[in-house]
Amino acid sequence: MVDHRTETELISDCVHCGFCLPACPTYRSWGAEADSPRGRIDLMKGLHEGAIELTDTVVAHFDRCLGCMGCVTACPSGVRYDLLIESTRAKIDAQHPREPADRGLREMIFALFPYPARLKVLAWPLFFYAKSGLQALVRASGVLALLPPRIAAMAKIAPPLSLADMRATLPPYTAARGTKRGTVALIAGCVQRVFFPNVNAATIRVLSAEGYDVIVPGDQGCCGALSLHVGRDGEAHAFARALVERFGDLDGIDAVIINAAGCGSTLKQYAELIEGDRAERFAAKVKDVSEFLADVGSVAERRPLPMRVAYHDACHLAHAQRIRQAPRTLLAGIPGLEIVEIPDADQCCGSAGVYNLLEPAAAAEIGARKAANVASTRPDVLASANPGCTLQIQSILADKGCKVVTAHPVELLDAALR
Ligand code: SF4
Ligand code: SF4
């Protein structure tokens, strides 16, 4: 719990008005009160007062929550559902024994995803899986439908990697081009670093073109976001402490830049998650790349990119960090680029960290709504500021035989600057 108020006080903020219900993807899917924010808060109250127990059924209602924070921005009473679900998940993790298969999958995910070096090892078989044509064959054959849903979800979501992706490395230092305006440090991310190295490369080029020296501290570990979002608090705090130490005192650094929305919201919480001046200084300097670039304004000349771009609001950018305008401002600054708004833009795509691996059926249902909305805009490119969203929407559209080019907004900006 990262708030000075007690859980009872946070729960009592809810006045049961129900304004959050239409904003909640799981309530929209099933119309069940216990799968709505209000219903889940009632369950939390029951648990807190000892009126109910952490049974499998109760835990399932919390497991089915995406943690998308759509309810947080929809709530007129300012209920901190984000803090409540975090503390509830930590409680579940500490107190509720899970089935061996469920436990095994979770352990496997968390032995892999927060470790870029291990992900890199996994990336090679994925590269050959995609390159050999086996991935397309498996998708087309329908064999995935015969596999256990969680295994099928992993096989589906596997990103197509190129040899250049596999060989990509990040320069520890890149000098500003033109007149220097400052110095920033880049968080490389885990999934971003291994599966979307182009996004980091584009981020560095754009920052340099805008007059910033870019430092990428080596041996960066995970930021702890994935662990925090499923209640593995101890692990999340250890990752956070190690990352803050790795970045040091940040003397002479104007901002710590992150280009993955899910990581950014956790990095901004560090001052509350872990103690110490360094953590406070670090958190205060964290900026999403779009937020930073929109704040400092552009100096580099943009060339035209005539294309229709559907911009997808990642939940951890729009709801958790309340950043909606900055990426749109950056894209709108590219001559010839037309931004098209996706209907029902506030709804989650179903990716939600590792939700689409742990709750594949719910994620597929929620993702199908998002994919249909994206397809309805007939974009040339889908732009998303979170790697999980990109993989999720791309995979669902591919299932429907609809290929869409995806890019991080910073990659489009990079293309316009080159
Ligand atoms: S969480 Fe907010 S919007 Fe939802 S029922 Fe409670 S007070 Fe109303
Ligand atoms: S975080 Fe998202 S899924 Fe969970 S209760 Fe809120 S709106 Fe619903």
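The values are calculated or read from the model by the stated rules, or taken from the named source; none is laboratory data. Everything numeric here is computed off the predicted structure, so don't read it as measured data. Quick reminder, even Gly has a Cβ in these numbers, built from the backbone with ideal geometry, and neighbours come from all protein chains shown. For accessibility, only protein heavy atoms count, side chains too; no ligands or nucleic acids. Shrake-Rupley method; radii C 1.70, N 1.55, O 1.52, S 1.80 Å.
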## Note on the structure
Averaging 1/r across every pair of distinct alpha carbons in the range 149-200 and inverting yields a Kirkwood hydrodynamic radius, in angstrom, of 13.7
### Query
For the chain, what is the accessible area per residue in Å², given a 1.4 Å probe and the full set of protein chains?
42
### Summary
Ordered by number, the trypsin sites (Lys or Arg not before Pro) in the range 70-103 that occupy a DSSP loop and have at most 16 other Cβ atoms within 10 Å are 98
#### Entry: Amide hydrogen neighbours beyond the local backbone of residue 286, cut-off 5 Å, H modeled
256
### Two-site label geometry, residue 303 and residue 399: point separation in nm, points 7 Å out along Cα→Cβ
3.9
### Summary
In whole percent, the Cα-Cα distances of the chain spread across 20 Å bins from 0 upward as 26, 60, 14, 0
### Query
Which one of 120, 268, 400 has the biggest mean-square fluctuation once the chain is modelled by GNM with Cα springs under 10 Å?
400
### Spatially near lysine pairs across the range 138-291, Cα under 25 Å, sequence gap of 8 or more or different chains
4
### Per-pair calculated FRET efficiency, R0 = 30 Å: residue 345 and residue 246 via Cβ, rounded to 0.05
0.25
### Task
Could you give me the percent of Cα pairs per 5 Å distance bin for the range 27-161, shortest bin first, beginning at zero and ending with the bin that holds the maximum distance?
2, 8, 14, 16, 14, 15, 12, 11, 6, 3, 1, 0
### Message
Using 0.36 nm times the number of residues separating residue 73 and residue 179, minus their current alpha carbon distance, what extension gain do you get?
### Response
34.2 nm
### Task
Quickly estimate the mean residue ellipticity at 222 nm for the chain, helices only: each DSSP H run with n ≥ 4 gives -39500 (n - 2.57), and the total goes over all residues, rounded to 500.
-15000 deg cm²/dmol
### Query
Using r as the Cβ-Cβ distance of residue 329 and residue 49, and R0 as 41 Å, what FRET efficiency do you calculate, to the nearest 0.05?
0.30
### Summary
The value for the range 7-95 (convex hull of the alpha-carbon atoms, volume per residue, Å³) is 84
### Task
Please sort by residue number the GluC sites (Glu not before Pro) in the range 1-59 whose DSSP state is loop and whose Cβ has at most 16 other Cβ atoms within 10 Å.
53
### Message
Connecting C-alpha atoms closer than 10 Å in a GNM of the chain, tell me which of 129, 311, 212 has the biggest fluctuation.
### Response
129
### Sparse-neighbourhood loop sites, GluC sites (Glu not before Pro) in the range 276-346 - DSSP loop, at most 11 other Cβ within 10 angstrom
301
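Over the range 7-95, what percent of the accessible surface lies on carbon and sulfur atoms, probe 1.4 Å?
52
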### Query
Which of 381, 259, 8 sits closest to the plus end of the dipole of the chain, meaning its Cα is farthest towards the positive end, when Lys and Arg get +1 and Asp and Glu get -1 on the C-beta?
381
### Task
Using amide H atoms built 1.01 Å from N in the peptide plane, name the residues 5+ places from residue 314, or on other chains, whose amide H lies under 5 Å from its own.
385
